[in-house]
Amino acid sequence: MGTQQLTLPGEIVKKHNELVRSKIDIDSVQGSKVLACLIACINNNDIEFKSIYRIAVKDVLPDLGGGSYRQIKNICTELRKSGVDFEIRDPSGEHAFITVSFFSRIEYHKGIIEARFNTSDPLIANCLLNLRDNFTKYNLIDYLRLPSIYSQRLFEILIRSGQESPQSCNNDMDLVLRTFYGMIGIYIHCRSVG
């Protein structure tokens, strides 16, 4: 049974740009940090998921105080239910979406979170494994220092912008603004000009 345990510092988080552009259904900063750490456990050359990925809670969430068991349980439950919404166009050109779960199983015992990525749908694997182009990578430590979901999301989008061609930067700024507006509850409809 292949397993991978995270060792801090210096790990790199690497995601396909489609995953960075998509809505990830995680509401807590702690859940987002654990997800990033589990993604950082994936090796660059992996072509399939290992059976289990492990992280030490104390390395990821050192500031958990009293009631930490309940907090960890809530984080693990949130991650098990978490997913990503991929915006697509159906064959007729209409907007549509696909929702896929990240994990098939999450366990916690003795300070360790063990996770199994969802292997039943290739979308998650295509966004995390064997990435050769169209991906965003960043230092895990930088991400773990971010204090909110909003700062984490904007960090990923801006890192992605810096790693892509200048033509995509305008689209990224539009994405940053739409993401920000959505986060504060303002929904705008963009239309083509010209």
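Read the figures in this text as sums done on the coordinates, not as results from a lab. These numbers were taken from a predicted model, which means no experiment stands behind them.
A few notes on this one:
- Integer Hz, Karplus 6.51/-1.76/1.60 couplings in order for region 127-139, x for Gly and Pro: 8, 10, 10, 6, 7, 10, 8, 6, 10, 10, 9, 7, 6
- Interchain or long-range residues, amide H under 5 Å from ILE12's placed H: LEU140
- Contour minus Cα-Cα distance for TYR108 and ILE141 (0.36 nm per residue): 9.6 nm
- Estimated Rh, region 84-133: Kirkwood, alpha-carbon pairs, angstrom: 13.1
- Gyration tensor (alpha-carbon) shape descriptor, region 33-76, a/c threshold 1.5: prolate
- Area projected by the alpha carbon convex hull of region 110-157, averaged over all directions, nm²: 5.2
- Scanning residues 5 or more positions from ASN118 or on other chains, those with amide H under 5 Å from its amide H are PHE103, SER104, with H placed 1.01 Å from N in the peptide plane.
- Counting all C-alpha pairs of region 6-106, share separated by more than 21 Å (%): 42
- Segment ASP46-GLU18, length gained on full extension (0.36 nm per residue, minus Cα span): 8.2 nm
- Backbone amide hydrogens, once placed in the peptide plane, bring ASN130 within less than 5 Å of ASP46, excluding anything fewer than 5 places away on its chain.
- Potential lengthening between GLN71 and TYR150 on full extension [0.36 nm per residue; Cα-Cα distance subtracted]: 26.4 nm
- Calculated over region 66-111: convex hull of Cα atoms, volume per residue (Å³): 67
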